[in-house]
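Asks: Pasting a structure below so you can have a look.
The values are calculated or read from the model by the stated rules, or taken from the named source; none is laboratory data. Predicted, not measured: the structure shown is a model, and the values here were computed from it. Virtual Cβ from ideal backbone geometry, glycine too; neighbours counted across all protein chains shown. In case anyone asks, the SASA skips ligands and DNA or RNA and just uses the protein heavy atoms, side chains included. Shrake-Rupley method; radii C 1.70, N 1.55, O 1.52, S 1.80 Å.
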Amino acid sequence: VLVCAHLDTVFSPEVRHGVTRVDGRLEGPGVGDDTVAVSSLAALDSLLPHHGRHPVWIVATRGEEGLGNLAGVRALLDDPPAPVRALIALEGNYLGRVNLTGVGSVRWQVTVTGPGGHAWEEAGQPSAVHVAAGFITRLAALATPAQTTGGPPKVTVNVGQVAGGESVNSRAQRAEFLVDLRSGDAAALHALRDAATGILHSAPESMQVTVRAIGERPAGALDPAHPLATVAADVLRDNGISPRLTAASTDANAAYPLGIPALTLGITTGGGTHTEQEWIDIEPVPAGLAALATTIARLDEQEW
């Protein structure tokens, strides 16, 4: 059984990573995502029984955030020292969540180039910025962000960065943007990618569009009836915590296409994720650690 937490945060090296205690909270960049989970790895060995039938691997990974493309956990699963029976990813502020759905993503850098020209004298020339803006508007319209019972699967589109142009009075020769396409449903993600590709192939004749893949995470899910899911939920209930079945993008995503049962659990509660004001509650940490250790111990008794 592989238990992992990621070392990286979303913040640049210029952001100071430190923790401040404020009443019953710890505050600081990455404190919940994923520092408290990484810290928990160090305590886990002393909490687990040492006579189990199946070994437990305690691993810190990298490349879970940003454009890391799950590099760490993928490298491990590509060449494990023995078959992996199950994978438990830890996200520090997920206590109460039993994350069974891995939200997949496709990430592209889209570059639009063209002849450009003077904003007045060459007003008939297409602007790379205008073409990129049109693409962004049409891509955003592909999203179905509201999950409805019996309705289409949730899919999201996000353009997180935009750059380009030469001056305020030039028809831009170049523009680029980063786009993130997501869904927890593999078929829906595939359809979203096809639709987005069609949009990006519809540029004016004088413009060139280059699409470079910068990341791809597989979508997948664990059956709620699988012993890994039921044990994790039962342990939370035994500790007075009502489990919630949720969806997110974590290290567990890498396991689904390999047929490895996987889910994501938490250590405590918190908020402000991916901001410098991120925080976690201190009091639930022991209960979160105990629930994790109990889940792993009970899995050793299960057959699948």
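Asks: Please work out if R193 is closer than 30 Å to L222 by Cα, buried (at least 16 other Cβ atoms within 10 Å of the Cβ), in contact (Cβ under 8 Å) with a residue 12 or more places away in the chain and not β-branched (V, I, T).
Replies: So R193 fits the description; yes.
Asks: Let me ask something else. Filter segment 1-25 down to the residues that are open to solvent by 50 Å² or more (accessible area, probe 1.4 Å) and either assigned to a strand (DSSP E or B) or within 18 Å of A293 (Cα to Cα) (or both) and list them by number.
Replies: Of everything in segment 1-25, those that are open to solvent by 50 Å² or more (accessible area, probe 1.4 Å) and either assigned to a strand (DSSP E or B) or within 18 Å of A293 (Cα to Cα) (or both) turn out to be T20, R21, V22, R25.
Asks: Could you grab the pairs with beta carbons closer than 8 Å, sequence gap of 6+ or different chains, first residue in segment 11-38 and more than 14 Å from D281 (Cα to Cα), second one in a loop (DSSP other than H, G, I, E, B) and basic (K, R)?
Replies: Correct list of pairs: P29/R16.
Asks: Something else about it: Among the residues that make up segment 174-181, is at least one of them at negative phi, touching a Pro at 6+ places or on another chain (Cβ under 6 Å) and not β-branched (V, I, T)?
Replies: No: segment 174-181 contains no residue that is at negative phi, touching a Pro at 6+ places or on another chain (Cβ under 6 Å) and not β-branched (V, I, T).
Conditions (1) open to solvent by 50 Å² or more (accessible area, probe 1.4 Å); (2) under 24 Å from A248 (Cβ atoms), marked per residue:
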{"site": "A143", "(1), (2)": "no, yes"}
{"site": "T148", "(1), (2)": "yes, yes"}
{"site": "G151", "(1), (2)": "no, yes"}
{"site": "K154", "(1), (2)": "yes, yes"}
{"site": "V159", "(1), (2)": "no, yes"}
{"site": "N169", "(1), (2)": "yes, no"}
{"site": "F177", "(1), (2)": "no, no"}
{"site": "L181", "(1), (2)": "no, yes"}
{"site": "G184", "(1), (2)": "no, yes"}
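Asks: Could you count how many residues in segment 192-225 are outside any loop (DSSP other than H, G, I, E, B), touching a strand residue (DSSP E or B) at 6+ places or on another chain (Cβ under 7 Å) and under 26 Å from G102 (Cβ atoms)?
Replies: Matching residues across segment 192-225 total 13.
Asks: Take segment 61-84 and flag every residue that is among the aliphatic types (A, V, I, L, M), out of contact with any Lys or Arg (no Cβ under 8 Å at 6 or more places or on another chain) and exposed (fewer than 15 other Cβ atoms within 10 Å of the Cβ).
Replies: A75, A82
Asks: In segment 102-135, which residue that is of a type in the set (G, A, S) and within 30 Å of D223 (Cβ to Cβ) is surrounded by the most Cβ atoms within 10 Å (Cβ to Cβ)?
Replies: Only one residue tops the list, namely G102.
Asks: Right, next: Looking at A248, is it open to solvent by less than 20 Å² (accessible area, probe 1.4 Å), closer than 19 Å to T295 by Cα and under 17 Å from the mean Cα position of the chain (by Cα)?
Replies: Here the answer is no, as A248 does not meet what is asked.
Asks: Then there's this: Being modelled with pLDDT of 95 or more, not acidic (D, E) and not in a loop (DSSP other than H, G, I, E, B) is the requirement here; does L95 meet it?
Replies: Against the criterion (modelled with pLDDT of 95 or more, not acidic (D, E) and not in a loop (DSSP other than H, G, I, E, B)), L95 does not qualify.
Asks: Looking only at strands (runs of 3 or more DSSP E) that lie completely in segment 233-296, which have at least 3 residues being under 29 Å from P218 (Cα atoms)?
Replies: Of the strands (runs of 3 or more DSSP E) lying wholly inside segment 233-296, those with at least 3 residues that are under 29 Å from P218 (Cα atoms) span 244-248, 262-265.
Asks: Among the residues of segment 24-45, is any under 14 Å from the mean Cα position of the chain (by Cα) and under 30 Å from P224 (Cβ atoms)?
Replies: Yes, because at least one residue in segment 24-45 is under 14 Å from the mean Cα position of the chain (by Cα) and under 30 Å from P224 (Cβ atoms).
Asks: Condition first: touching a helix residue (DSSP H, G or I) at 6+ places or on another chain (Cβ under 6 Å) and within 19 Å of L70 (Cα to Cα). Now tell me which residues in segment 101-125 satisfy that.
Replies: G102, G104, V106
Asks: Being small (G, A, S) and modelled with pLDDT under 95 is the filter here; which residues of segment 44-67 pass it?
Replies: The answer is S46, G52, G66.
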